[in-house]
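Nothing in this text is a laboratory measurement; each read-out follows from the coordinates by a stated rule. Predicted model only: the values in this text are computed from it and were never measured.
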Amino acid sequence: SPPVRPPIRTFLRYAGLGLAGLLGLALVAALGVLIAGDRKLTPSAAIPAHPVAVPTDSAAVAEGGRLARVWGCLGCHDRSGGGEVWVETALGDRIVAPNLTRVVREYDPAELERAIRHGVGPDGKTVLIMPAGMFHPVSDTDLGKVIAHLRSLPPLPDTVPRTRFGLMARTLALLGRVPVIADRVDHGAPHGTSPDSLGPASTRADTLALGRYIARTACTECHGPDLRGDGRAPDLRIAAAYPRARFRRLAREGIALDGKERELMTTIARSRMAFLTDDEVAALHAYLSTLAD
């Protein structure tokens with residue numbers, strides 16, 4: 001007798017069950033990615049907070065405003081300090097530099113210090129985009145001045161949404177493609193031992209110390225912790241090839257030796273480095289020139 005063939009309804013039923021099972025497995029896998037990816041993006045870090053004195057005099061507040069511009073605080077978080085959306089994808093990912101005028105009032109100085117220098121929030125979880133490696137060497141005095149200035153800004157309502165991690169960000173995190181900023185900080189390294197404030201230097205030793213301080217707290221975000229470049233930005237030993245006047249033009253205007261602009265450097269020069277004094281630019285040039293020795 002001819003073989004018995006299963007009815008089409010039975011076939012479709014089993015096919016549907018199989019498809020439902022596959023979809024269930026996909027949902028479970030996606031849920032696992034969401035949970036594990038979130039932990040990978042913002043792992044916990046047991047970093048003790050370090051109290052910082054916040055001055056109240058007008059001169060310190062004004063100097064803090066200048067430093068906040070040199071270090072890019074009022075660039076990443078918008079000129080007003082009200083926050084800015086950095087990345088947003090169609091898959092639900094959103095990376096936001098939050099409203100500083102709110103954060104500096106919600107966090108106490110020790111919590112702000114830990115977030116700025118170590119990249120760890122008040123909840124003990126690491127933050128995603130804070131360039132803590134660059135800010136770790138900032139002196140207590142200068143950090144206090146910046147906090148004082150930020151607290152002097154008028155409070156603004158939150159007009160930008162909060163950071164949100166979607167499937168893309170969490171998947172990339174699981175693949176190791178999203179760096180955890182706090183992992184790049186030597187949390188045990190001393191800080192606050194550099195010059196207490198940017199300003200004029202009287203001797204060559206003072207000049208080099210000031211230049212090193214500026215380089216470590218203003219240049220490493222783009223040029224890497226050793227200032228040798230990171231693919232986007234060049235090795236800063238190139239500074240030795242610049243006469244002082246041409247280096248000043250590079251620092252202030254972003255114009256290289258060939259007379260041309262340099263994209264990211266031009267932007268950073270005009271929005272941040274332009275707030276350095278002549279003495280500070282000279283000290284930075286002097287220090288960077290020693291790297292070529």
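Which ³J(HN,Hα) values, rounded to whole Hz and listed in residue order, are derived for region 247-256 from phi using the Karplus coefficients 6.51, -1.76 and 1.60 in 6.51 cos²θ - 1.76 cosθ + 1.60 with θ = phi - 60°, glycine and proline given as x?
Listing the rounded values in order: 5, 4, 5, 4, 5, 8, 10, x, 9, 7 Hz.
Please list log₁₀ I(q)/I(0) at q = 0.18, 0.19, 0.22, 0.24 Å⁻¹ for region 64-155, using the Debye equation with identical point scatterers on the alpha-carbon positions.
Log-scaled intensity ratios, in q order: -0.79, -0.88, -1.19, -1.41.
Amide H of I255: which non-local residues (sequence gap of 5 or more, or other chain) have their own amide H closer than 5 Å, using H built in the peptide plane?
L250
Step through the residues of region 270-283 one at a time and calculate ³J(HN,Hα) from phi using the Karplus curve (6.51 cos²θ - 1.76 cosθ + 1.60, θ = phi - 60°), rounding each to whole Hz and writing x for Gly and Pro.
Karplus values, whole Hz, x for Gly and Pro: 7, 9, 10, 5, 4, 8, 6, 7, 4, 5, 5, 5, 5, 5.
Using modelled backbone amide H atoms (1.01 Å from N, in-plane), which distant-in-sequence or interchain residues come within less than 5 Å of V120's amide H?
When sequence neighbours closer than 5 places are left aside, the close amide H contacts are A115, V127.
List every residue whose amide H lies under 5 Å from the amide H of E84, counting only residues 5 or more places away in sequence or on a different chain, with H placed 1.01 Å from N in the peptide plane.
Placed amide hydrogens put A97 under 5 Å from E84.
Which whole-Hz couplings ³J(HN,Hα) result when phi for each residue of region 122-130 is put into the Karplus expression 6.51 cos²θ - 1.76 cosθ + 1.60, θ = phi - 60°, listed in order with x for Gly and Pro?
Using θ = phi - 60°, the values come out as x, 7, x, 9, 6, 8, 8, 10, 5 Hz.
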